[in-house]
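Working notes, beginning with the structure itself.
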Amino acid sequence: MDARTNARSPGAGSGEIVVSHASVGMFDRGGKSLQLVEDCSFLAERGLFTVLVGPSGCGKTTLMNLIAGYIGADAGTVRLDGVDVKGPGWDRLMVFQETALFPWMTTLENVAYGPMVRGIKTMPEIRAEAGALLERFGLGEFKNRYPRELSGGMQRRGELARALINDPLVLLMDEPFRGLDAMTRQLMQEYLTRLFEETRTTTIFVTSEIDEAIFLADRLVVLSRAPARVAAVIEVDLPRPRRFEQLSSPRYAELKEQALNLLYAEAAAAFEETGAGADIKEAFERRHVAD
Amino acid sequence: MKSLATAASAPSATPAERGVPLSAGIRKYVHRHFDLVVGAATLIAFFLAWQFARPLGIPGLSAVEPPTKVVAASWDLLSSATFWTACYKSVLRILAGFALAQIIGVPIGLMMATNRMAFHTIFPVTEILRPIPPVAWIPVAIIFWPTREMSTVFIVFLGAFWIVLLNTIGGASTIDESYRRAALSLGSNRWHLFRYIVLPATMPSIVTGMVVGMGISWEMVVAAEMIASDTGLGYLLWQSFEINAGAQVIVCMLAIGIAGFVSSALIGRVGRLLTPWQGRR
């Protein structure tokens, strides 16, 4: 646990995820088969913050569920440190879109849950550790409150604490800041960045917000329209520690332009295929011409 | 209804009364406690109508003993052992039937919601039996169970059982998938999933089932006692009717109403203890 509570050397104790040629399909209600992820390969390198971006509905969440082990791949593999992922496990912990803190447990009980069910320590030890972690996450006063009584930002921090107490090798975050107000969202981005820079736990983060993506990422994996494949990988070479001021740097603007162009191409192609959203495409084109 | 009109409108009064301190005070009081004043006025009107139903010739109400006689009768009844024995018997039956409904209904519901095989095995039987009103079971219950006491408890049990079962199934089968997934990721085994996720997530629905089930239990105990028993409040109520003791009938009705109210409040308490994370309404 000391590795968690103290800053540790970059990448130590964190894992590496390799997704290779993964495909996931499902049947829709009419019995028609639907491809969600197709021949998708990417690498979430040890100690790096990898962000998946892609047009909405492209299969980002499916990909995350695959890595978490909630669903299986029809073809291809997901490996954690060279070992096939076969189901959910505490070595890859997920922070969900909407908070999944258990409403019937206090913040402390939520954080203590993982160590408790795994039975790795005595209950007093676990409680002390969970309490210390909550203190560090600024939730010390709220440890005996139920999630309902916390603000959105506090809930997300509580969920981060619930994952990190287990020392996961990989942290999976599926649009975790969706639904937060703009101010809280920015604070949480800053908070997560500092936390990551301190712990260097391999993180895979899904978002559809391009600013959030670039601010957080070491590496941006741009996904294609559905079914999800990797359209491009962009190395975000902005220096760490990250500061919000970097969002106005020329390099940032370049990266954003590069990512947006890729995303736009995918979105436009998706509209052409489905015929939906032609108005959005037109608006986007007009904006682009004006640039 | 004349008395209601006067009671409600008198204090809010005519402009001529303005400036008189006492009437101003009353006006202020009425304004602040409008709901209380109207409620009290309605009650007073109701009791007056009831009391003077016979001289006023109000249809229906005039067939019922007036409140003064009911009060007198309740004095007699409340000081008799018969009444308290009846209360005791009914409460015992409620407790037994209600507790059995929880002990049997909740586990079966949880099993049906979490195990497909169990669901498809039990569901057809419940779907045939459930629409039958528990009261319709009374003759069969009398034949089936060796004692009248057991038959009565069985009817109470049936009344609460279906609602407990349905609520438990409903609650346990609509648990948010992300809770289950989070628990699995964090290292839960099947027992942990049941104990820390399924059970607490279903608890609010179980509590709802308890509250509704308690109400139905009282309905059932009264019906069953009227037909199948020779003790209890339901029996006493019917007996009072048969010996033409009208005031006593009313007292029994009120006693059953109060008992139902008190037990609902108690169940509400228990429910809040079982689900401390839920907000108060």
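Every read-out reported here was derived from the displayed coordinates using simple, explicitly stated rules and does not represent laboratory data. None of the values given here were measured: they were computed from a predicted structure. As a convention, Cβ positions derive from the backbone with ideal geometry for all residues, glycine included, and neighbour counts pool all protein chains shown.
Note on chain A: lysine pairs with Cα distance below 26 Å, sequence gap of 8 or more or different chains, count 7.
Distance between the 7 Å Cα→Cβ label points at A:ASP28 and A:VAL83: 3.9 nm. Scattering from the protein assembly as shown was approximated by placing one identical point on each alpha carbon and applying the Debye formula without solvent; log10 I(q)/I(0) at 0.07 1/Å stands at -0.66. The gain in end-to-end length when the B:LEU22 to B:THR68 segment is fully stretched comes to 13.2 nm, 0.36 nm per residue minus the alpha carbon separation. On full extension, the segment bounded by A:PHE244 and A:GLU198 gains 14.8 nm, given 0.36 nm per residue less the C-alpha separation. Compactness check for chain B: Cα Rg over 2.2 N^0.38 Å is 1.35.
With helices as the sole contributors, chain A gives -12500 deg cm²/dmol at 222 nm; each DSSP H run of n ≥ 4 counts as -39500 (n - 2.57), and the sum is divided by every residue. Pairs of Cα atoms nearer than 8 Å and 6+ residues apart set the relative contact order; for the stretch B:75-274 it is 27 percent.
The calculated Kirkwood hydrodynamic radius for the stretch B:150-281 is 17.1 Å, given to one decimal from all distinct C-alpha pairs.
Taking amide H atoms as placed 1.01 Å from N in the peptide plane, the amide H of A:GLU209 has no partner under 5 Å among residues 5 or more positions away or on other chains. With a Förster radius of 25 Å applied to the C-beta separation of B:PHE123 and A:ARG178, the computed FRET efficiency comes to 0.10.
Across all Cα pairs in chain A, the calculated P(r) in 5 Å bins from zero up to the longest distance comes to 1, 5, 11, 15, 17, 16, 13, 10, 6, 3, 1, 0, 0 percent per bin. Comparing mean-square fluctuations of B:VAL211, B:VAL222, B:VAL64 from a GNM of chain B with C-alpha springs under 10 Å, the top value falls on B:VAL64. Rounded to whole numbers, the Karplus 3J(HN,Hα) couplings from phi for the stretch B:34-50 are 3, 5, 4, 4, 5, x, 5, 4, 4, 4, 4, 4, 5, 5, 4, 4, 5 Hz, using 6.51 cos²θ - 1.76 cosθ + 1.60 with θ = phi - 60°, and x at Gly and Pro. Taking 7 Å steps out from each Cα toward its Cβ at B:ASP176 and B:VAL38 produces label points 3.8 nm apart.
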